[in-house]
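Notes follow the structure.
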Amino acid sequence: MFQFPKERKLCNGRAIDKLFATGESILEKPFRALWNFEENNDKVFVKLLIVVSKKNIKLAARRNVVRRRIKEAYRLHKTHLDYFLETNNKQLNLALIYQEKEILEYKAIEQKINLLLSRLINKL
């Protein structure tokens, strides 16, 4: 079973504020990715934050469905990003922001996450 432990989550308030203030971004509809680099203090190379706005999707159960689909798609396609960051010994703070008003099918989310992560690796 896939686990998303706390050390892989971006939950430090100062780091999140810094990410949204000074981070670079890529837009790939329906996602926007924000990222910045940080000192690599532990063995984790990517700290992830998934944002699904209450403004766009009202019901919490539906927001959770979107979060679960994003986590699974990220899990399947994160290996190239982890390998790239491990070879360069960097830590990436990454926020994936879902900006659509309706819930997309899993296949569409998976394709967009894959495309977004490959564009991110090329940009780094």
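A few comments on the model shown:
- Of everything in the range 1-35 that is more than 21 Å from Arg69 (Cβ to Cβ) and among the aliphatic types (A, V, I, L, M), the residue that is surrounded by the fewest Cβ atoms within 10 Å (Cβ to Cβ) is Ala21.
- Put simply, of Gln91, Gln99, Gln111 the only residue that is within 23 Å of Cys11 (Cα to Cα) and open to solvent by 60 Å² or more (accessible area, probe 1.4 Å) is Gln99.
- Check on Lys78, under 15 Å from the mean Cα position of the chain (by Cα) and either touching a residue at least 60 places away in the same chain (Cβ under 8 Å) or surrounded by 15 or more Cβ atoms within 10 Å (Cβ to Cβ) (or both): yes
- Put simply, of Asn89, Asn64 the only residue that is on the phi > 0 side of the Ramachandran plot and either in contact (Cβ under 8 Å) with a residue 40 or more places away in the chain or within 16 Å of the chain's Cα centre (by Cα) (or both) is Asn89.
- The number of residues in the range 36-56 that are closer than 14 Å to Gln91 by Cα and either in contact (Cβ under 8 Å) with a residue 60 or more places away in the chain or exposed (fewer than 14 other Cβ atoms within 10 Å of the Cβ) (or both) comes to 4.
- Unique residue being modelled with pLDDT of 90 or more and under 14 Å from Lys107 (Cα atoms) when the list is Arg69, Arg62: Arg69
- Scanning the range 64-74 turns up no residue that is open to solvent by 40 Å² or more (accessible area, probe 1.4 Å) and hydroxyl-bearing (Ser, Thr, Tyr).
The values are calculated or read from the model by the stated rules, or taken from the named source; none is laboratory data. Treat the numbers as computed from the prediction; the structure is a model and nothing was measured. Glycine also receives a Cβ, built like all others from the backbone with ideal geometry; neighbour counts cover every protein chain displayed. Ligands, DNA and RNA are excluded from the accessible area calculation, which covers all protein heavy atoms including side chains. Shrake-Rupley method; radii C 1.70, N 1.55, O 1.52, S 1.80 Å.
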